[in-house]
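The structure appears below as structure tokens.
Bear in mind these aren't lab numbers, they're just calculated from the coordinates by the rules spelled out. Everything quoted here is computed from the prediction, not taken from an experiment. Cβ placement follows ideal geometry from the backbone for every residue including glycine, while neighbour counts extend to all protein chains displayed.
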Amino acid sequence: MSEIAILFHSGYGHTARVAEAVRAGAAEIAPARLIPISAEGELPEGGWEALAAAPAIVFGTPTYMGGPSWQFKKVADASSKAWAAGAWKNKLAGGFTNSASMNGDKAVTLHYLLTLAMQHGMIWAGTAMMPANSKAARRDDVNWLGGFTGALAQSPADAAPEEMAEGDLETARLYGRRIAELARRLG
Ligand SMILES: Cc1cc2nc3c(=O)[nH]c(=O)nc-3n(C[C@H](O)[C@H](O)[C@H](O)COP(=O)(O)O)c2cc1C
């Protein structure tokens, strides 16, 4: 299987940790690689080719002002070339976002990623994870933020990437693993 691609932007390193957790989870099942979007909104060399070859693409961006970062959106707009060629059609897709507030309009960003995947004719996979929302639930539980459409993470505005909630990262790892398992099943 070609490498599963995690296409993401991170301005300050928090979303990059989520991306790495998704990659690590996927890599337990299949080859997987990160494709980081630069501060200028550009892909690394060979990035477009890797996306074209990938059986699955997981999109990731911080939530900035209630949506994806402009760097992510620049790449999304540039993907219109792949769209025109149907290059991502029938690939598996997923998405994740991270922001400072518990809510912070993360769902708007995830729905943008879902819409992008639908425009490309991709097959979206949600988390299929139960939420940790009982009285006994703890912040470091898996899916404490209750993401169904995609994986969610929350980083306090004054927290360094190293201080992120382990439960959010574990959620991302399990989501990456699920994407890889589904990609394998789709062949
Ligand atoms: C320009 C900008 C806009 C932001 N907008 C939001 C927002 O709409 N909702 C929110 O909860 N956090 C918002 N934040 C906080 C970031 O989402 C948060 O700091 C996140 O961890 C940054 O991820 P990164 O380190 O990968 O860039 C914003 C931060 C910046 C810099």
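Near the amide H of Tyr64, within less than 5 Å, lie the amide hydrogens of Ser69, all on another chain or at least 5 residues away, with H placed in the peptide plane. With a Förster radius of 30 Å applied to the beta-carbon distance between Ala87 and Phe148, the computed FRET efficiency rounds to 0.60. Here region 4-186 yields Rg over Rh of 0.94, to two decimals, using C-alpha coordinates and the Kirkwood radius. Under 12 Å from the Cβ of Trp48, count the other residues' Cβ atoms, weight Lys and Arg +1, Asp and Glu -1, and hand me the total. Result for the local shell: -2.
Annotation note: trypsin sites (Lys or Arg not before Pro) in region 103-187 located in DSSP loop regions with a Cβ neighbour count of at most 16 within 10 Å are Lys135, Arg138, Arg139. The 3J(HN,Hα) values that the Karplus relation (6.51, -1.76, 1.60; θ = phi - 60°) gives for region 117-133 are, in residue order, 5, 5, 4, 7, x, 8, 10, 7, 10, x, 7, 6, 10, 5, x, 9, 9 Hz. Gly and Pro appear as x.
Taking each residue as 0.36 nm, the span from Met65 to Glu181 lengthens on full extension beyond its C-alpha to C-alpha distance by 38.4 nm. Annotated for region 55-187: lysine pairs at least 8 residues apart or interchain, Cα distance under 27 Å, count 12.
Relative contact order, whole percent, for region 4-186 stands at 27, derived from Cα pairs under 8 Å and 6 or more residues apart.
Within the chain, what's the longest stretch lacking GluC sites (Glu not before Pro) that sit in DSSP loops with no more than 16 other Cβ atoms inside 10 Å? Of all site-free stretches, the longest is 46-187. Once the Cα atoms of helix 166-186 and of the chain are each reduced to a long axis, what angle between those two axes, in degrees from 0 to 90 to the nearest 10, is obtained? Tilt of helix 166-186: around 30 degrees. Amide hydrogen proximity for Lys91: with H placed 1.01 Å from N in the peptide plane, the residues at 5 or more positions away or on another chain lying under 5 Å are Ile123. Helices in the chain, meaning DSSP H runs of at least 4 residues, each add -39500 (n - 2.57). Divided by all residues, the mean residue ellipticity at 222 nm is -11500 deg cm²/dmol.
Considering the chain as a Gaussian network with a 10 Å cut-off on Cα pairs, which listed residue, Ala32, Ala117, Ala100, attains the greatest mean-square fluctuation? So, out of Ala32, Ala117, Ala100, the one fluctuating most is Ala100. Distance between the modelled labels on Arg138 and Glu42, one decimal in nanometres: 4.6 nm (7 Å Cα→Cβ projection).
Here's how it looks for Phe8: its modeled amide H is under 5 Å from those of Ile35, Ile37, Gly60, which are all 5 or more places away or on a different chain. Projecting the Cα atoms of Pro31, Ser155, Gly167 onto the charge dipole of region 4-186 (Cβ charges, centred on the Cα centre) puts Pro31 farthest toward the positive pole.
Given +1 at the Cβ of Lys and Arg, -1 at the Cβ of Asp and Glu and no other charges, the dipole of the chain around its Cα centre is 640 debye to the nearest 20. Backbone phi angles across region 80-88, fed through the Karplus curve with coefficients 6.51, -1.76 and 1.60 (θ = phi - 60°), yield HN-Hα couplings of 4, 5, 5, 4, 4, 8, x, 5, 9 Hz in residue order; Gly and Pro are listed as x.
The simple spin-label model puts a point 7 Å past each Cα toward its Cβ; for Gln119 and Glu162 those points are separated by 3.9 nm.
Taking every DSSP bridge with both residues inside the chain, close to 5 percent are antiparallel.
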